[in-house]
Each structure stands twice: as structure tokens, then as C-alpha cells.
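All of the numbers you see were taken from the coordinates with simple rules; none came from a lab. What you see is a predicted model, and the numbers here were worked out from it, not measured in a lab. With ideal geometry, Cβ positions are generated from the backbone for all residues, glycine too; neighbour counts draw on all protein chains shown.
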Amino acid sequence: MTALRTRPDRVAPLDRWRQSSRAAVDRVAARLPAVVVALLALWLLAVVVAVAFPQLFVPGSPFEASPADALQAPSAQHLLGTDQLGRDQLTRIVYGLRYSLGIGVGAMAISVVFGVLFGLVAGLGGWFVDEVLARFIDIISAFPAVLLALLVIAFTEPGIVNLTIAVGISAIPKFARVIRAETVRVRSSDYVTHAVTFGARRSTLVLRHVLPNTLTLIPVLAMIDVGTAIIAGSGLSYLQLGPQPPTPELGVMLSESRNLFAFAWWLAVYPGVVLSLTVISLTVVGSRLQRRLKAAS
Amino acid sequence: MTGTVASAVPAGDGPAVEVRDLRIGATRRGRAAGDDEIVHGVSFTIEAGRCVALVGESGAGKSITARALLGLSGDGTAVTAQTLRVLGDDVLGYSAAQWRRLRGGRAGLILQDALTSLDPLQTVHSAISEVLRQHGTVPRSRVDARVVELLELVGIADAAERSRQRPGQLSGGLRQRALIATAIAADPGLIVADEPTTALDVTVQRQVLDVLAERKAAGTALLLVSHDLAVVAEIADEVLVLKDGHVVERGTPRQVLASPQHEYTRRLIAAIPTAASRGTRLAVTEGVAERTALPPRAVGEAIVIEAAGLVKSYALPGAAQSFRAVDEVSFAVHRGETVGLVGESGSGKSTVGQIVLGLTAADSGTVTLDGADWSVLPERRRRARRRSLQLVSQDPLSSFDPRYSAARVVAEALPASLTAAQRRARIAELFDRVSLASTLAQRSPSRLSGGQRQRLAIARALAADPVAIVCDEAVSALDVSIQAQILDLLADIQAESHLALLFISHDLGVIHHIADRVLVMERGRVVESGDAGEVFENPRAPYTRRLLADVPRGLELAPTV
């Protein structure tokens, strides 16, 4: 029995995940004072409200151009200044969050759905299924995320939906691996063995024990992944592979500001700050939630 | 104490450890220190070359007392004492850096679980040489030679070969000895050993005790923490019995065991299962000094489990021959009977349990259950009868779904045909049967004590209304007092319901106490079997004799056993 427990499979996948890519982030997140975490959570709340009801924050439309007001520095009238077409930047950022967050959440949904599906099938199936899926996942993850996304877009065309799909696919391996490892761990756990001695069917075992205990990992992993997906999405938008101007997506806005930076700094700084804050909030709050969840179990 | 400290004998003429009125309190936020005192004034002295042992139930404060000597009592504790001197130094005001220099250098620590105490990725060599380098014990050029010397010192054969292996590649006994080698690498004047032999089989336990005795003879002071009086009696010069952070009794092992003064000590001694305790209760209630008889039970004629010619081999990577984990094992368990399966770790006894339960398929041989085919049935047909054969394993917590409450754990094993009201009634009945308070029903098993968890595991097994239960090291992880209660509970249940028990354990005392008949397994083979009293008193197989010779003898001092 003790030999079983020392098998590498028994290392909690969550731990492996943390060790591999998130350890540094988690350490920083764990040390942040509660006030900072609370402020970040508040920011996140504001972002969510802005996505749902942008009218609450800004009265105008993000597409309303007014050439007379082009490239104005931040002022009482235009809190974050205006762009080259005289559009109010605050309005564009508030509406822009819709696109950026939408891409993030959409991509995450794609990675979670397919990652969980592959992970479960690999973990529950026989060794052949497991091997085939594992190699398939290896192939996907052999491509750097951005390269993979470029590939998807190259076969289709730039646009918000294709971008979301591209970013989503690139994160599938991450979820598939965690879920597969967790499935294997739960499947060979003592409590599943005991359930077998109560005469439970295979389907009962999976529905009653394996699924619930495996899927508890998902929400927090997903939350952190939204942050990663937003960055990837904005990055590709910046390369003009996603939504096209005049869409007020934050990556697109950053891209447009490139040539104007010398005389209109606000066009680069504010979207960048909003984007960074949102991603940092998602990561830190997610990491803290994960920590708390782990402590509770 | 500056410069090289390589001597086993502490500087100065004083004792190696001097503790007077040691108090340890938990300092929680919002409370003053001392509000939650765990250890209330413990005093003892250890001279060089002597051994003091702390014994008591879990939660008695013995571990934290021992760890306080090395500055390891943990965050959130406050240690105060009139005197706390370790190897001639007043350690009360030690800084973290001073503690680090003390630990691993002049004082070594040995913990129960060598597997988690050693870094799995480090070879034995690098684990030991790290200690040597850190404390500058020997010149760099001598490190390699010293590592081999140390491994030989703790009785590891092929030391040079073994030093290149990692903990995962070593057996339990080798691992525990490698851990001891790291603890003594810097030639410490003091060794603190916290349950160093718990959960080890007798053979390995014997090896570890011998190494510790050698260190003692070489002049090292030893502080031993254990719940096992038999182990303690063998090696200690002075025994302190702790209860709730108080020393209730102290003396030489002979005094404490032969004429225990405190009722608590008498209870601890009575709780140890041995030959003499057969047929009696191990857990002695307060106010009663002697063991009382267990209810009589009848062994029936009907055979419940019959195993014939079981064989199971595993392919070894890189080896031409496969490894025979179970080799031609046959036995029968009758209604109401307890059959003990005993042997070292790796002897194949757990595999036999798995085959009987139908969780592992045997290569050849058959198992019948209640006179009908069992092992040859396809899983589909076995399912309906699975509930009549249940399992109680060593680590109850891992056998519960972490999301489940205690009541739900039990409910899972109930037949699906019951109504909600019947379920509730049955769960309450089962909780009552294993003496678990009904108020614990909604609690998560992670918030139950070790004894309560094992009671819950038994309640769940009973919920399936089985004819037989396989107990796989079911009491091995429990301390003596809790083990006594669980063994008594099993005996009561068996007397009531005539369950057949297949009791797998490495603990000869437990088997001798509980089993009617016994099978001794060595490397997959049954080397001896028969009536438990007969086998233990007149062992015929050399292997059985060796096992019995390795059992700590300390208890023979006690008149009651």
C-alpha cells in the first residue's frame, strides 16, 4: 500500500501545476497584504460591472468620432484624453473591456470544455486511449501558444471568433493534463476501492466519486486562465490578427497608439494599465482563492 | 562551543540535556501566552550515553516536548522553562541561526516516516554528505569515505552501492537506517528519536533498535518518544509517562512496568495486546485495574472464505523472472472465526487480502465465498454479492471521499433499496454500535480523531451487512490505547454477529491477541499455519522463530502480561 502512495501519479496535480508554472506568481500573491488583494478584487468587480453595464460609467458611444477634439490630453472633459479621431478614450476602454474579457472567457470556456473532456477520457479509458490522447496533447503543446494561434488564424481569417478559438485551443493541454492526472489519482484512491466493495457499478463510481472530486479543481484554474487568455488575446490583437479597428478592443487600441506614442502617451498608457490591472487581479484573486480552497479541504 | 565539535561527548561535565519545569503554550492570536498550555512543567536530565523515554497516548505532549529541545516546537508555541540546557548550552534564548547550528550538527533528529523525512530526489549519499559539509564535520576530501563509514555503522550492507540509491529504491528498513545515518552524520551528542519504529515490522524495528542501542553505547544521549512501552523498555534508562502534558509517573523501565503506580500507566500496559491478553478486553475503563473478559464467541462449522492455491506474480522491469508475490497460498476462514495473516512488509499478505476481496485477480487458484464461486466470477456477477465481503484498511481517512460527511460515508455502503427514513435509522444504529456520538454524523471525517475515523470505517463495513471483513493493518497506525479500543470493538462485533475476520498485520502481538488461527507468510509463501497459541508458543518454521525473536522483550518485566 505504501508503495502505491509514492507513485509519481499520486503527486497532487494541483501541486505539479503550481511547481511548473505558477509557483513564483503564487508566492507573490500569497505575500500581498489583504488590503491590496481586497482592492484588486474590487477592481475585478468594477470590471465585471463595466462589462455588463458600460452605460453606468460612460454616457457616450465608443465609436462617436469628433475630429475637432482629436488627440487631446486628459482633461476634465475627457478624463483619459481622446484618440486621433477625437473619440473619448475612457469610453473606448470601458467598452473595450467587453471585447478583451469576452475573448478571455470564451477562450477559457473552450480550453476547459475540451481539456476536461480529453482529460477525463484519457484518465478513465484504457491505456491505448490514454496514449493516443496523450500524444495528441503533446503535439498541441509542442507549439508555442502564439504560434498555434497564428496557425489557426492563418487557416481562417483574422477576427474576434477565430482569435478566441485560437487562444482557447492553445490552453487545452494545460487542462487536459491536470484533469487526467487528477482522474487517475481519484480512480486509484482508497475510497473508490471501497466503493467497489459496495458493489458499485463503473458508471456509479465515475459519477459519484471521480467526477465530483476531479472537477472541484476547475473553477479556480479557470479563473486564473482567463487572465492568461486575455493577455494572449490582446497580444494577437496587437498583431492585428483579432478584431479590426475601429473595434475598441484593448489590444487593438494599443496597436493603434504605437505611432502616436511620441505626442499622445495616454493612448498607450491607459489601455495598458487597465489591461495589466485586470490580468493581475484575476491572477492574484484566483491564486488566493485556490489557496483558501486547498486549506479548506 | 566554537570551532569543530566532533565529539560525541558534550563539552563540560554536565549532563547532555537538562530540562527543568518545561512549559509549552499555544499562542494564538488574541490570547495571552499561557492560556493554552500544552505541556505543564516537565523536568528530566539525560546524561551522555543514557536514554530517556517519553511515553503516552497521542496528544499527551510527548512529541512537542522532545521537539522543543531542538527548537522545533513549531510556530505559535511559546516555550518557557527554569532550565533548558542542551549539550551544555542554555538554549532558551537561541536565535534561529543558533538552532540551525545545533540541529543536524550536535543534535540529530529521527522521525517516524523515513520516506517523507528524506528528500526523494536526493541519493542517500547526497543527503548524508550535505550534513557533513554543512557542519564541517570532516575535511572535504574525507566526505565520501565518511558517508560509507556511516552507512556501515547503521548496518547497511553494500554501503557504497546503497549510497548511490534514492529513498524510493530502498526498503523500509534500509530507509529508516539511512535516515538514522543522516541524523548521526555529524556525530551528535544528542539524538532525539520521535516514534522511530512505529509502523515498522518487527524485523526492521529490531534493526533500528540495535542501531540506537549502539549509538547509546558509544556515548550519545538519546531522547526516545514512543507510545510503545515494549520498545521503550528495551532501550531506555528512565521512562517518563506523560498524560495531558503532565508527568504522571517516572522511573526505570523495570519500576514502571513491573509495579506501575499510576492508574494511567496501568491502563497503558493493559492496552498492549499479547499472548496473555487473549480473550480479555484491552481497554481498561477508569477505576478498574484489571482486564475483563470479552464476551465468548463461537467458531462455526461453515466455511465463509476458502482460498485454494492462490498464485500472483508481477513482472519486474529488467528482470528475466517475474516476482511471485503470492505463491500457493491456501486457507479457510470459518463463520465467527478470526484468521491472522502475519509477516514482514513485502511478504505478500496484503496481496492475499486484495485477491480475497476480488480487487486483484490471481494468476491461478480460486477463492470461494460462502461456499459459492467468487474469484472466478466476472465482475458483473460479483457486484451483487460484493457487499457481503468488506474491507477495513490502515488509513481510514484516505478511504473516505473527501467531500463526504461521516453519515454519508456510512450511507454509501447501505443497500440502495432503503427509504430515507430507514437509512437515517440504520445510520444512527451503526453509529451507536461502534460507539460514535451521533453529534459527529454531519462532521467531515478529516475533523475526526484517528480512533473515531477507524470506528467510522468499521461502521461503514457493517453497513453493508457482510459475512466477512478483511482487516488490512486496520490498527497499525493507531497508538496503543486507541488500538486497544478498536480491537475490543471488533471482538464485541464478532461475538454479536459471528463475522469471519481475515486479520492482516505485521504486529505479532496483535495477531496473537486476536487470531484463532494464524498463517505466517514469508516471500509469498505460507511457511507455517495453525492454532495461534500453538504457532506462537512452539514455532516450527525458522522464519517464525526469527520473527518472534525480534519482538521487543521489554514487556516481560510486567507481571500483568
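Using Cβ point charges alone (K and R +1, D and E -1), the dipole size of the protein assembly as shown about the Cα centre works out to roughly 1420 debye. Dimensions of the range B:305-418 from C-alpha coordinates, computed as largest minus smallest value along each principal axis and given longest first, are 51, 33, 29 Å. For A:ALA38 and A:ARG291, the FRET efficiency from 1/(1 + (r/R0)^6), where r spans their Cβ atoms and R0 equals 22 Å, is about 0.90. The label point for A:VAL49 and the one for A:SER66, both projected 7 Å from the Cα toward the Cβ, are 2.5 nm apart.
Rank by packing, highest mean first: peptides B:373-386, B:79-92, B:430-443, with packing defined as the count of other Cβ atoms within 10 Å averaged across residues.
Ranked from most to least packed, the peptides come out as B:79-92, B:430-443, B:373-386.
Between B:ARG20 and A:GLN84, the modelled labels are 8.6 nm apart [label points 7 Å from Cα along Cα→Cβ]. Here the mean projected area of the convex hull built on the C-alpha positions of chain B is 28.2 nm². The range B:478-536 and the range A:19-98 have Cα centres lying 70 Å from one another. Take every DSSP beta bridge whose two residues both sit in the protein assembly as shown; close to 55 percent of them are antiparallel. Gain on full extension, evaluated as 0.36 nm per residue between B:SER497 and B:TRP99 minus their Cα-Cα distance, stands at 137.6 nm. For the range B:468-558, the Kirkwood hydrodynamic radius comes to 14.2 Å, computed from all pairs of different C-alpha atoms.
Once both labels are positioned 7 Å from their Cα atoms along Cα-to-Cβ, the gap between B:LEU72 and B:TYR314 label points is 3.0 nm.
Rounded if a/c is under 1.5, else prolate if a/b beats b/c, else oblate: with a ≥ b ≥ c from the C-alpha gyration tensor eigenvalues square-rooted, which is the range B:39-85? Taking the square roots of the gyration eigenvalues as a ≥ b ≥ c, the range B:39-85 is oblate. If you take every DSSP beta bridge whose two residues both sit in the range B:17-270, what share of them, in percent to the nearest 5, is antiparallel? Of those bridges, close to 55 percent are antiparallel. Here B:LYS243 is the anchor, and the lysines within straight C-alpha reach of less than 24 Å, apart from those fewer than 8 places off in the same chain, are B:LYS62. Rounded to the nearest whole angstrom, the semi-axes of the ellipsoid equivalent to the range A:40-171, taken from the Cα gyration tensor as √(5λ), stand at 42, 17, 10, largest first.
Of the beta bridges DSSP finds with both residues in the range B:133-273, what % are antiparallel, to the nearest 5? If we restrict to bridges inside the range B:133-273, about 50 percent are antiparallel.
Pairs of Cα atoms in chain A fall into 5 Å distance bins, from 0 up to the last occupied one, in shares of 1, 5, 10, 13, 15, 14, 12, 9, 7, 5, 3, 2, 1, 1, 0, 0 percent. Per residue, the Cα convex hull of the range B:17-270 amounts to 127 Å³. Each principal axis of the protein assembly as shown carries a Cα extent, and these read 106, 74, 57 Å when sorted largest first.
Summing -39500 (n - 2.57) over the DSSP H runs of n ≥ 4 in chain A and dividing by its residue number, what mean residue ellipticity at 222 nm do you reach, to the nearest 500 deg cm²/dmol?
Working: 15 runs with 204 residues, N = 297.
One gets -22000 deg cm²/dmol as the mean residue ellipticity at 222 nm.
The share of Cα pairs per 10 Å bin across the range B:197-321, counted from zero up to the longest distance, runs 10, 27, 26, 17, 15, 5, 0 percent.
Grab the DSSP H runs of chain B that are 4 residues or longer, score each as -39,500 (n - 2.57), total them, divide by all residues and round the 222 nm result to the nearest 500 deg cm²/dmol.
Details: 20 runs with 183 residues, N = 561.
Roughly -9500 deg cm²/dmol at 222 nm, from the helical runs in chain B.
Across the range B:243-376 the C-alpha pair distances fall into 5 Å bins from zero in the proportions 2, 9, 13, 13, 11, 9, 10, 9, 9, 8, 6, 1, 0 percent.
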